[in-house]
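Quick notes on the structure that follows.
The values are calculated or read from the model by the stated rules, or taken from the named source; none is laboratory data. Everything numeric in this text was worked out from a predicted model, so none of it was measured. Cβ sites come from the backbone with ideal geometry, for glycine too, and all protein chains shown count toward neighbours.
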Amino acid sequence: MAKARFRLGKKGQALLMGELESLVMEIIWDQGPQTVREVFDRLSRSRDLAYTTVMTVMSRLATKKVLNKRKQGNAFLYKATLSKDDFERETARDIFSSLLQGYGGALVQPLAESIDLLEDKDLDELMRLVESKREQRR
């Protein structure tokens, strides 16, 4: 997946994608592989968009390796390269690894201060993973 600019203050895919890119991806994750026409038809129900705008966005997502495209008749069929869960996990891993490489130990305090944002099950999983990593080092 191509590296993208990080957008502070945004959540989910919007951290790395524009609004329209996020909407396109949601459609493809929800509906499966789609043509530009199918995505355009869904988006145009609630927004005033040009077909070429949707085509450009989907082409850019393919260039970023977020979508794969293959010829189907006279059109291209676009498919997500990763499931939504895998995309989120891989994106979070990439972001956090980049932050660790750039800031290292300076992340410890902000991470600890942000722990209360986690649900109990996620906090339990974090603790399990930390203990597992600690055991691996011994």
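A count restricted to the range 61-93 and to residues that are of a type in the set (A, V, I, L, M), at pLDDT 95 or above and outside any loop (DSSP other than H, G, I, E, B) stands at 5. Counting the residues of the range 97-120 that are surrounded by fewer than 10 Cβ atoms within 10 Å (Cβ to Cβ) and more than 22 Å from the chain's Cα centre (by Cα) gives 7. Looking only at the range 27-59, which residues are over 18 Å from F76 (Cα atoms) and either assigned to a strand (DSSP E or B) or within 18 Å of the chain's Cα centre (by Cα) (or both)? If the condition is that a residue be over 18 Å from F76 (Cα atoms) and either assigned to a strand (DSSP E or B) or within 18 Å of the chain's Cα centre (by Cα) (or both), then D30 is the only one that fits. The residues listed here are R60, R89, R42; of these, the one that is of a type in the set (K, R), surrounded by 12 or more Cβ atoms within 10 Å (Cβ to Cβ) and not assigned by TED's automatic domain parsing to the domain that holds L16 is R89.
If I go through the range 39-66 residue by residue, how many of them are touching a residue at least 40 places away in the same chain (Cβ under 8 Å) and within 11 Å of V24 (Cβ to Cβ)? Full working, then the answer.
Start the filter on the range 39-66 by keeping residues that are touching a residue at least 40 places away in the same chain (Cβ under 8 Å), which leaves 61, 63-66.
Among the residues that remain, those that are also within 11 Å of V24 (Cβ to Cβ) are: 61, 66.
Qualifying residue count for the region: 2.
Set side by side, the residues K71, K79 differ, and just one is of a type in the set (K, R) and surrounded by 13 or more Cβ atoms within 10 Å (Cβ to Cβ), which is K79. Residues that are basic (K, R) and within 20 Å of T91 (Cα to Cα) were ranked within the range 1-60; the one that is modelled with the lowest pLDDT is K3.
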